[in-house]
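Below: one structure, written as structure tokens.
The values are calculated or read from the model by the stated rules, or taken from the named source; none is laboratory data. Predicted model, so just to flag it, every value in this text is computed and none were measured. Heads up, the Cβs are rebuilt from the backbone with ideal geometry, glycines too, and the neighbour counts pull from every protein chain shown. Side chains are part of the model used for accessible areas, which takes the heavy atoms of the whole protein and leaves out ligands, DNA and RNA. Shrake-Rupley method; radii C 1.70, N 1.55, O 1.52, S 1.80 Å.
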Amino acid sequence: VPFTISSLEPQGFDCASAVPPVGVGSLSCDDSIDPTPNHIEWVDGGTPVSSLDLEFSAPIAGVNPGDAPVEVTKLTHTNVVIPQAFAYSIDILNIIRVTDEDGPVIVLTDPNTVNIDFTETLNSAPCPPPNPEASVCDDFFTFEAGDLAPVAFSSDGVDYLLIFGLVAGAGTTVIGDQVFTAENGTSELSVTAQIVAVAVPEPMSIALMGLGLLGMGFTTRSRKI
């Protein structure tokens with residue numbers, strides 16, 4: 001069964017969620033025109049300016065369960081040398097929709113909020129480990145692992161999971177829920193989505209599971225006695 005994966009409005013950075021609050025000399029996030037802008041930048045005391053840009057993919061049709069992950073979001077980090085350390089936290093808002101192309105029928109609408117914490121490191125050696133890009137010194141994002149948790153949905157009586165992932169591009173290294181980017185360069189990170197069918201236990205497995213639970217019940221009763 002082929003599906004279509006779409007990113008719906010609103011999508012972009014949630015300026016109101018920024019910590020510390022956005023403002024001149026720290027984090028710039030202009031929501032005066034667009035309530036969820038796709039560009040933010042930060043600085044400490046003036047120039048130079050580093051920035052982060054979001055790009056959402058157009059609807060992706062013909063996605064079958066078990067296919068390779070497809071890119072739904074790309075983040076581009078323009079990383080320049082800033083003489084002071086800087087840190088912020090901000091939410092990325094997006095709504096993911098999955099449509100069963102046989103119909104078509106919308107089978108999932110998931111309001112997706114992903115929080116990122118960013119650390120602009122001091123640009124002087126020795127750099128704190130792991131510093132995988134070997135720049136002086138790698139900056140890094142930390143994603144909330146739960147924000148990228150799989151999402152369950154059903155279509156035509158079959159259960160599926162929409163699974164998210166992080167894929168490193170040039171100048172980027174992903175270690176767990178942390179993304180390291182090289183100083184004084186442009187780095188890219190992709191957020192991907194993949195649809196997988198949830199396996200249904202065979203009758204024998206269900207029977208064995210039931211016997212196991214029954215045994216646990218007897219064990220519990222004997223302990224209470």
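Worth pointing out:
Residue by residue, here is whether (1) more than 11 Å from residue 120 (Cα to Cα); (2) not acidic (Asp, Glu) holds:
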{"residue": "48", "(1), (2)": "yes, yes"}
{"residue": "55", "(1), (2)": "yes, no"}
{"residue": "58", "(1), (2)": "yes, yes"}
{"residue": "62", "(1), (2)": "yes, yes"}
{"residue": "70", "(1), (2)": "yes, yes"}
{"residue": "75", "(1), (2)": "yes, yes"}
{"residue": "82", "(1), (2)": "no, yes"}
{"residue": "88", "(1), (2)": "no, yes"}
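- Strands (runs of 3 or more DSSP E) (entirely within the range 156-196) containing at least 1 residues that are over 30 Å from residue 103 (Cα atoms), under 18 Å from the mean Cα position of the chain (by Cα) and of a type in the set (Gly, Ala, Ser): 158-168
- Among the residues listed as 144, 120, the single one being surrounded by 15 or more Cβ atoms within 10 Å (Cβ to Cβ) and under 22 Å from residue 48 (Cα atoms): 120
- A single member of 126, 132, 69 is of a type outside the set (A, V, I, L, M, F, W, C) and either without any contact (Cβ under 8 Å) to a residue 24 or more places away in the chain or within 23 Å of residue 22 (Cβ to Cβ) (or both), and it is 126.
- Any hit, the range 57-69, residues being more than 25 Å from residue 148 (Cα to Cα) and out of contact with any helix residue (DSSP H, G or I) (no Cβ under 6 Å at 6 or more places or on another chain): no
- Note on the range 147-167: residues that are surrounded by fewer than 18 Cβ atoms within 10 Å (Cβ to Cβ) and either small (Gly, Ala, Ser) or in contact with a Pro (Cβ under 8 Å, 6 or more places away or on another chain) (or both) total 8.
- Within the range 135-144, tally of residues that are free of Cβ contacts under 8 Å to residues at least 40 places away in the same chain and aliphatic (A, V, I, L, M): 0
- Residue match in the range 49-56 (condition: aliphatic (A, V, I, L, M), farther than 30 Å from residue 107 by Cβ and open to solvent by 50 Å² or more (accessible area, probe 1.4 Å)): yes
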